[in-house]
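Structure, as structure tokens:
The values are calculated or read from the model by the stated rules, or taken from the named source; none is laboratory data. Remember, predicted model here, so these are calculated numbers, not experimental data. Neighbour counts run over all protein chains shown; Cβ positions are idealised from the backbone, glycine included. Each accessible area value is taken on the protein alone, full model and side chains, heavy atoms only, with ligands, DNA and RNA left out. Shrake-Rupley method; radii C 1.70, N 1.55, O 1.52, S 1.80 Å.
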Amino acid sequence: MSGLETRSDSELVQAWIDNVREHDAIEHVGAGNRHFGERMKIVDELMARSDGRLNLMLPLLEHSDLDVRYTAAFLFREADPTVFRKTLAGLSTMGGKVAADAARMLAAPPLAKSVPQPPIPEDHPLFWAARNPPAPSMPRDEVERRLSSLFPAEHKKLLSLLTPAIGLWPQPAEASAPIAGSRCSASIWMGSATIRMAI
């Protein structure tokens, strides 16, 4: 999602609501995390317009969609614990899953103070795989040549058992990539060239 700064306040709030409603349908964990990240970018933009406050999100605490109301309450969990608990207390009387979740959260111990974490540098070992592409594939004729030299009598039988090996390799994030897509690519390590495809 881009161009948040060009959208009106009401458009951003609606985009946040849409994000909440769409989130549970996303099955891919990585895509779900990125989708949630887009939700928080919307919150950051709205807070930047309100001197760091959540004023523009306050009406969502009375939203008719209980899932939206429940999710909005968590924006205030640290910023305004009283508002957070008051909203959950109201939801806990509504019945259904949201009420059960709200009651469970009300019974939970208070959060420990969060400790700010510095951003992870791009050269961190965590990103090693994205910076180091896999070895090139071995063409089928080279596989056959090596099998023939190692197992002269059995190489054709072994070759008939050969199947492509597909390896997943994480790729750097691309701004043009769909938010619900995967950042892994598949490489088929057999044939005259490596075939790369987004999955």
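Residues in the stretch 67-92 that are among the hydrophobic types (A, V, I, L, M, F, W, C) and modelled with pLDDT under 90: ALA79 alone. When you look at LEU54, is it surrounded by 16 or more Cβ atoms within 10 Å (Cβ to Cβ) and either touching a residue at least 24 places away in the same chain (Cβ under 8 Å) or not polar (S, T, N, Q) (or both), yes or no? For LEU54, the condition - surrounded by 16 or more Cβ atoms within 10 Å (Cβ to Cβ) and either touching a residue at least 24 places away in the same chain (Cβ under 8 Å) or not polar (S, T, N, Q) (or both) - is met. Taken over the stretch 2-51, residues that are at positive phi and open to solvent by 50 Å² or more (accessible area, probe 1.4 Å) amount to 1.
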